[in-house]
Structure formats: structure tokens, C-alpha cells
Amino acid sequence: MHFLFNFDNTHLSTYHSEGHSGQYYTLPPTHIQKLFPYGLPPRFQLQIKTFNEGCVMVRPPALELISYLKRADYSKPPLRYVLYGDIGTGKTMSLCHALHYCYSQGWLIVHVPDAHLWVKNCKELLPSSSRPSRFDQPIQASQWLKNFKITNERFLSKLKTTQRYVWTKRESTEKGQPLGELIDQGVNRMKSSSDVVGAVLRELRLQAGGATEGEGAFKLAVAVDGVNALWGKTSLKKEDRTMPEELTLIHNLRKMMKNNWSGGAILTALSQTGSVFKPRSAYLPSELLGEEGFDNMEPFVPVSVSNYNEKEFESCYLYYLDRNWLQHPHSRSEEGKKELIFLSNKNPSILERLCAFL
Amino acid sequence: MAASVRHLLKPWTPSLCLMRWSRYNPYYLDPDPSKDARVPESELSPEEKELQELKTVSPIKAALSSDTSSAFNDPLISKFINMMMHDGNKILARGIMTQTLETIKRKQVEKYHKSPAAKREEIECNPYTVFHQALENCKPIIGLASVQKGGKSYQVPVPLTDNRRRFLAMKWLITECRDNKHRRTHMYEKLSQELLAAFTNEGNVVKRKHDLHKMAEANRAYAHYRWW
């Protein structure tokens, strides 16, 4: 009852429905390597390495999101979905589940694993080559381009640029070049990588809803974790210790969040853990996004993520037992289970951390 | 009778303290926070019944705030955490201990899942049993004491009490991890490597125990210098 499907794994995401809530399904290892080289939470990556497999629990928020994606009309502007909830309830994992569904349906994935990383602790902050008042983050931009290349390899040769981009006096990308070349340009030349990111996003927006049939048609899934970083304050400083006015990567992502294109969906999740200058108790969209963010994101479809209910907790407990993870003899008894419920309050991340050393 | 008992229960400080903070009257009993402490009357032997009655009458010391009544509480692990603690930072010491147990479990469970079904039963995944067994393997059986005789001091082989052996094993583990490992690795990583090595009787701590045993064996001739 609690457990894994044993049949063909590849198209599993399409068949998930309410009846499967609480059960685990395995992510195929090839998909994990391609789709999530960096996108999964670090504790989950450790778990994949330890158990030699990646299993995700099917939960109502992810099912809701997938059902909306199935029924949406893709000729209209994209719908914005925002996953919100208290810390450790499973927002990032639900986002990854929905993203895996999109990937198995053959969509083009634009995944920003944590927007907070672009807003704090950046080692290099260069003034932008194209615009005087903007600032670039070459390392983060080139890292993102490399990961984008790994995820979306099959689309790179099919899509072509629609205009000419000039990077320096001697380098430019002509109209009609495949997207792969644009990305190589960004990876090789670190100085212009942030502008390349902007160009790539613009191309994808223009071409997403464009060709309705034939080879050119694709749906675009924009997934951003930690959306509240885009409209919050940065902790980065320029060399003379003042705040930068504008950051290229953030500016381009904000343009992506507007629904002035068609043929895709925007999946986002809020996050308090990585955010700067936000109190720990804030978890609602209005608190974390702030006024500016809320106005920009509105209208959106909010999806709330909460702690495990009894059935899901049971399922998680049995999964750990099966994988030989709960070793302490007391944790395998009824009393130990009650203690675990009490200590973790059925919060997924706290339960995971508790069971790690028991 | 009541007067003499009251005299004993008065706040009483021994003139010579053998241990730090042992200001309790020795009449006080140690607390036993585990839930199994209550056993129905029929299953007790007469000595245990006497002990039970003593517990209802005599005073008991206050329990430490680090002891819990749940079965997850392990006195050996608590002692090790206290020994690792620096400047009273128990939170950090406990965090390191839990991370160590987690790392040991991860390494063992990974090995378990990657090995074929035949070898799986030999792999010990429980970090608590690994810790207890490793500590047992590090405990020296015999120790050396310095005895002065005729102007010269000799290293005399001497039996050790259980507490002393446990203390030495833990001390050696901690100093080994603090001093002899690479600077940039985390303490929990170093500890987990050392504990897994000691579990299989390899590693520097077990080597140090063997060296001590060899020294004691070599100084057998001076055993008669011991008068206690």
C-alpha cells in the first residue's frame, strides 16, 4: 500500500493521481543526471547517494500542480504557480516533481535552482559591458549556462536566434545561428555571460508559442526556486561599499516572470531559508515577496504545502525501514514512532534530520 | 532515630572533595530517568525489593538536564559528548556527535546497498553498535603507573578500573582526531573514519592501545613494585 510502483518508470509522472498520494516513485538515474545536476536539495542528493536510488513521495501539492499543467491552455499567456508553506514542508521537492513531469513530457526547462544564490555571496561583481549602470555576475551566469546546456541538449541545435547580438568589437552572433553557439559563447567568454543569459531567455520567450506544429513547437517551463529573491534586497556591495542599482541576471529573470509571452508555464516556490533580511517566521507570499514582488507576480495560482498527514508519515517511516535507514532498535517500536511524531511534528525535513542519526 | 536521620539530611559538605561538584551527601541516590525503572512488585527479588523501598524513602540527586527518559538516551554517548565539549558548548559537541553517527550510518548503508545479497548480513549499519564496539576495541586492559623507588622512577604495569579504561579510550579517540588528522577536514568526518577503523581493529587508536600493552609486557619485571 505504502510503496513503490514496480512497473515501467519512465512515464510514471503522467499516471500519478489522487489514489497514489503517499506512495513513493523512483526517479530514473539518467533523468536525475540530465535534469537535476544541481537542482535538488543537498540533503536529498546525499540520500540518493546513500540509498543508491532517488525516490520521491507523491504528495497533494505536486499532484495539484501537475493536474493544472495538464489542463492549461497553452495558446494563452503562461499561468504563474507559486508554492508556499512553512520551512521544511517540501516546496522544493514538489517543484522538482512537477519539473520532472514537464521533462518527461518533452518540454524545454529553464530551471533556476535557488535565486538567492544570485543575490548574495557573489565573489565577482563586474560592471556590465553593455549598459553602464548594471552589474554582472560572470561565475553564476556561466555556471547556469553550462547546466542549461546539459538539461536541454536536444533543443540546442533546433532553435535559431532571431536577431544579431554584438558582444565586443570583434565578436558577434549572427541571426539564424543555433542556440548552442550562443550558449558556447557565454560559457567561453565569461565577461559577457550574463548578457548571453539575457539573450537566451529573450529567444526562448519569442519562440515558445511561435510554431504551432512541426519540429519547432515546444513548451517552455520556467522554474524558479526562491522567487522572493528577485524583488528583495541584495547583500552584494560594489567596491566602494554602496549598493548596486541593478543586476543583469535579476533584471532578465524579472522580465521572464511577466506573462507577455505564450506557450508554457511558470512554476515558482518561495523560500525563507536562503533569503536575506527576512524574519524566520515569514512564510506567506505577501510577507516574503513584499509589495513590489506581489504586484509583479499577481495574478498567480497559490499552492500551499504543509507537513505530512498520518498516511504520508506512515509511508515515509516504512520507506526508511525498508531502506535499512532506521537502525536504533527503539525507533522501530511503536513507542519510538510516537516519539518521532512528537519530536518532528510530522515536518518532512526535521523528520529526515532526526532519522539520520537514529 | 528521627533526629539522627535529620542530622544526615542537613546540608553537609565533606571537608575533602574527591570529585568536582560532588557536594551531595553520600546518602543521596543517583537518579534513574529511564521508563523501565518501574517494574511490578512480583518480578523483583528480595534484594531488589529492599532497594525499591529505599528509593521511596531516601532522597535522590537532581537529574542532569542532558538526561532524557526516552530510550534513545545513551549514557556512553552522553559521556563522550561531555568529553568532546569545549568551553561548555554542549550544543556544538552534541551536533558533532549526531553528525558523526549520521556519517557512520551513511557510509555503512551505502556499502550495504551496493554489495550483493550474500555479503549484506556482515555489514553492521547501526551507528550505536559501531560506536560501542569501537570503544571496546580501544579500551586498554592494563596500564602503566610511575612508581619511585630508590631515587629512580619506574613504569609499573598496573590494573585499571573500568571507568579509567573507558576514559582513556575516549580521550585517545578525541586527541587522535584533534591532532593527527588533516587540518581542513571536519571533526565529524575525522571521528567517523577513526571509529570505523577501530571497529575493525585497525587505525591509530588501536595501535596506541597495543603499544601500551607491549610496554606493560616489557616492564613485567617491575610488577612487584606495586603495593596496591
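A straight chain from A:Glu239 to A:Glu171 at 0.36 nm per residue would run longer than the Cα-Cα distance by 21.6 nm. Geometric descriptor of the range A:83-176, per residue, is 156 Å³ (volume of the convex hull of the Cα atoms). The trypsin sites (Lys or Arg not before Pro) of the range A:252-358 that DSSP puts in a loop, and whose beta carbon has at most 11 other beta carbons within 10 Å, are A:Arg280.
From the alpha carbon centroid of the range A:19-92 to that of the range B:76-134 is 31 Å. Is the shape of the range A:170-304 best called rounded, prolate or oblate, per the rule: a/c under 1.5 gives rounded, else a/b larger than b/c gives prolate, else oblate, with a ≥ b ≥ c the square roots of the Cα gyration tensor eigenvalues? Taking the square roots of the gyration eigenvalues as a ≥ b ≥ c, the range A:170-304 is oblate. Residue by residue along A:109-118, Cβ atoms of other protein chains within 10 Å of the local Cβ number 0 on average. Taking label points 7 Å from Cα along the Cα-to-Cβ direction, B:Glu202 and A:Glu246 give a separation of 6.0 nm.
The calculated FRET efficiency for B:Lys79 paired with A:Asn121, based on their beta-carbon distance and R0 = 41 Å, is about 0.55. Is the shape of the protein assembly as shown rounded, prolate or oblate, going by the alpha carbon gyration tensor and its root eigenvalues a ≥ b ≥ c, with a/c under 1.5 for rounded and a/b larger than b/c for prolate? Taking the square roots of the gyration eigenvalues as a ≥ b ≥ c, the protein assembly as shown is prolate.
Let me have the relative contact order for chain A, percent, based on Cα pairs under 8 Å that are six or more residues apart.
24
Taking 0.36 nm per residue of separation and subtracting the Cα-Cα distance, full extension of the segment from B:Lys181 to B:Tyr27 would add 50.9 nm. Shape class of the range B:49-91 from the alpha-carbon gyration tensor: prolate, with a/c at 1.5 or above and a/b greater than b/c.
Please average, across the residues of A:324-330, the number of beta carbons from any other chain that are within 10 Å of each residue's own beta carbon, and give a whole number.
On the way: counts 9, 4, 2, 12, 9, 4, 4.
Per residue, the average neighbour count from other chains is 6.
First obtain the Kirkwood hydrodynamic radius of the range A:5-157 from its Cα pairs, then insert it into the Stokes-Einstein equation at 4 °C and 1.567 mPa s, and state the resulting D in µm² per second as a whole number. After rounding, the answer is 74 µm²/s.
What is the calculated FRET efficiency for A:Ser306 to B:Glu47, with r their C-beta to C-beta distance and R₀ = 51 Å, to the nearest 0.05?
In this case the efficiency is close to 0.40.
Take each of the peptides A:29-42, B:129-142, average the number of other beta-carbon atoms within 10 Å over its residues, and list them starting from the highest. Numbers along the way, then the final one.
On the way: A:29-42: 16.3, B:129-142: 18.3.
Ranking, from highest mean packing down: B:129-142, A:29-42.
When peptides A:87-96, B:82-91, B:172-181, A:220-229 are sorted by average Cβ neighbour count within 10 Å, with the highest value leading, the order is A:220-229, A:87-96, B:172-181, B:82-91.
Take every DSSP beta bridge whose two residues both sit in the protein assembly as shown; close to 40 percent of them are antiparallel.
Can you list the residues of the range A:299-321 with backbone N under 20 Å from a point 7 Å past the Cα of A:Thr26, pointing along Cα to Cβ? What the label zone holds, given the 20 Å backbone N cut-off, is A:315-321. For the peptide A:332-338, the mean number of other protein chain Cβ atoms found within 10 angstrom of a residue's Cβ is 1. Charge tally around B:Asn180: other residues with Cβ under 13 Å, Lys/Arg +1 each, Asp/Glu -1 each, net +3.
Taken together, the values in this text are just the output of simple stated rules run on the coordinates, not laboratory data. All values derive from a computational prediction rather than experimental measurement. A quick note on method: Cβ atoms are made from the backbone with ideal geometry, for glycine too, and the neighbour counts reach across all protein chains shown.
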